[in-house]
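Where a number appears in this text, it was derived from the coordinates with a stated rule and is not lab data. Because the structure is a prediction, the values reported are computed rather than measured. Positions of Cβ are backbone-derived with ideal geometry, glycine not excepted, and every protein chain shown enters the neighbour counts.
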Amino acid sequence: MKKIAVIGLGYVGLPLARLFATKYPVIGFDINQKRIDELRSGKDSTLEVEDEILQSVLVKENPISTSATGLYCSNQLADIEEANFYVVTVPTPVDKHNRPDLTPLYKASETVGKVLKKGDIVVYESTVYPGVTEEECIPVLEKVSGLKFNVDFFAGYSPERINPGDKEHTVEKILKVTSGSTPEIGQEVDEVYKSVISAGTHLAPTIRVAEAAKVIENSQRDINIAFVNELAKIFNILDIDTHAVLEAAGTKWNFLPFKPGLVGGHCIGVDPYYLAQKAQEHGYHPEIILAGRRLNDSMGEYVASQVVKCMIKKGINVSGAEVLMLGVTFKENCPDVRNTKIVDVIAALEDYGLKVTTYDPWASPAEVDHEYGLACHNRLIEGAKYDAVVLGVAHKEFLTIDLESLKKDNAVIYDVKGVIAEKADSRL
Ligand SMILES: NC(=O)c1ccc[n+]([C@@H]2O[C@H](COP(=O)([O-])OP(=O)(O)OC[C@H]3O[C@@H](n4cnc5c(N)ncnc54)[C@H](O)[C@@H]3O)[C@@H](O)[C@H]2O)c1
C-alpha cells in the first residue's frame, strides 16, 4: 500500500494531495505554518480546492499508521517518517538575474532525505530543466539519507499541468506524464498516478524526457505569445486591428489561436529561463527562446506607452492624470499575484507622471503591498472618476463593470485583454 507524503501544499501540491487522499493515506507537508493552519481549518486561500471538497478528505489524525484514506496537513517531519511515496511540489523560481533558483528543491530534498528508507520512491513535480532530478536532487537525497540511488531508493518525475483558476481542467482531468528512474519504477509511479488521474497517463521513457517535455510545453506557449505580441506592435504601427487579423487568420484549420498579452505568473514567463540556462551551460545560446522572453517582458512598458499615446491624442494632460488599473493578478479569476506584469504597466505609467489607483477584487492587498510595495483596493473608491481606465486582467467582475461611471469626460479606456473591445478606445 502506498503511503503518500506531498511536500509543498501550494497551487500544485494541495489539489494533488486532495486527489490522492481519496484513495490513499496522505500527509500534506508544508513549511508555512499559516498555510497548514488554514488548510486544517478547511480553507484554501489559493481557491484551487473548494472548501467542501477539501473538508471531505481532511482527517484529524495522521492516517499513515492506520492506512486509512484521507489528508492530514502538517509541518512536522515526524509526520512524514512512515510514508513510502514522496511527491515534491515546491516552487522553482528565478532570481533577479533570471537564473533558476533551486533552493526550495534542495531544501525539500533535505527534508525527504532525513526520513528516506529502503524501498521508498521520491517523485518530483516541480517544473525544472532536464537533469535537475538526477543531477541536483538525488545527490542531496543520497547525502542526507546515506542510502544509494536505484539500489536503496528510487525516483520519478511527473510534471504538473494545472492552470490556476481553471475549474474545468482540474488535476484529475488532465493527462499526466510520468517517469521513473528504472523501467520498473516508471511502471510503479505510473500505476499510482493512473489510479487517481481519470484522464490517464503517459509513461515517458526517462526522467529527463519527462522534465524536458514540461519545460518545452511552457516555452512553446511563451514563444507563440511573443509572436502575436510582435504582430500587435507591427499592426499598431500600420493602424490595423490585430484582433481582427487574428480572427481572419484563425479561420485556417492549422492557425494557432494565440492572443497578445502580458506574460506573467511563475510558469510560462519563468520556465523558458530554466531551459535556456541548461542550454547555455552546455555552450548553446538559445536565440528564439530568449528573444521570446525579451519581447514578452517588454509588453508592460509598451502597454503604458499606448495608454499615454491615447490620452495625448484625446488632449488629456498626462502629468498628474488619474488612471484606474482594473486587476493586478497575473491572470483572470485567480488570486495569484506572483510575477504579475501589471506591475510593469503601473511602474511605467507612474514614470510618465500618472497617478495610478489599482482595483482587484481577487488579490490580497496585503500580499500586493508585501510583494510590490503597491496599494491595491478590493473595492472601487466610491464616486472616484479617472482620466483613463485600463482593463489589465479579465476577471469576470470586469466584463460587466459600468465603465461610464468611472470615467471623467473624455477619458480613455484601454483594453489589454481584448474582452471589452466595443467599449474601449484602444486595445492591445
Ligand atoms: N501554479 C501553477 O500553475 C503550476 C502549474 C504547473 C507546474 N507548476 C510548478 O509546480 C511547482 C510548485 O508551484 P506552485 O504554484 O504550487 O507553488 P506555490 O508557491 O503555490 O506552493 C509551493 C508551496 O511549497 C511550500 N514550500 C516551499 N519550500 C518548501 C520546503 N522546503 N518544504 C516544504 N514546503 C515548502 C510553500 O510554503 C508553498 O506552500 C513549481 O515548480 C511550478 O513551476 C505550477
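In the range 4-211, Rg over Rh equals 0.93, where Rg is the alpha-carbon radius of gyration and Rh the Kirkwood radius from pairwise Cα distances. Only Lys, Arg, Asp and Glu carry charge here, each on its Cβ (+1 for the first two, -1 for the last two); on that basis the chain has a dipole of about 260 debye about its Cα centre. In the structure shown, the pairs K107/K143; K314/K408; K396/K423; K60/K118 are assessed against 18 Å; a Cα-Cα span above that value is assigned to K60/K118.
Considering only DSSP states other than H, G, I, E and B, which GluC sites (Glu not before Pro) in the range 148-183 qualify as loop sites with at most 11 other Cβ atoms within 10 Å? Sparse-neighbourhood loop GluC sites (Glu not before Pro): E168. Straight-line cross-link partners of K167 among the aspartates and glutamates, defined as a Cα under 13 Å from its Cα and at least 8 positions apart when in the same chain: E48, E50, E332.
Report, to one decimal in Å, the Kirkwood hydrodynamic radius for the range 234-354 based on all distinct Cα pairs. By the Kirkwood definition, the hydrodynamic radius is 16.8 Å.
Per-residue counts of other Cβ atoms within 10 Å, averaged by peptide: what ranking do you get for 308-317, 19-28, highest first?
19-28, 308-317
For the range 298-427, the share of alpha carbon pairs falling in successive 10 Å distance bins from zero is 14, 50, 34, 3 percent. With 19 Å as the limit on Cα-Cα distance, the pairs of K23/K173; K43/K173; K43/K194; K259/K331; K176/K341; K173/K252 that go past it are K43/K173; K43/K194; K176/K341; K173/K252.
Database remark: amide H of V123 closer than 5 angstrom to the amide H of Y86, V87, V88, G156 (H placed geometrically; neighbours at sequence offset of 5 or more, or on other chains; Pro and chain starts carry no H). Among 212-224, 135-147, the peptide with the highest mean count of other Cβ atoms within 10 Å heads the list, and the full ranking is 212-224, 135-147.
What is the distance in Å between the Cα centroid of the range 45-79 and that of the range 376-428? If you average the Cα positions of each part, the centres end up 41 Å apart.
Percent of alpha carbon pairs in the chain separated by more than 29 Å? Taking all Cα-Cα pairs of the chain, the fraction more than 29 Å apart is 50 percent.
Annotation: peptides 86-96, 333-343, ranked by per-residue average of other Cβ atoms within 10 Å with the highest first, follow the order 333-343, 86-96. Could you compute the FRET efficiency for D409 and R99, with r as their C-beta to C-beta distance and R0 at 60 Å, rounded to 0.05? That gives a FRET efficiency of 0.75. When you filter the GluC sites (Glu not before Pro) in the range 225-300 for DSSP loop state and at most 10 other Cβ atoms inside 10 Å of their Cβ, you are left with E287.
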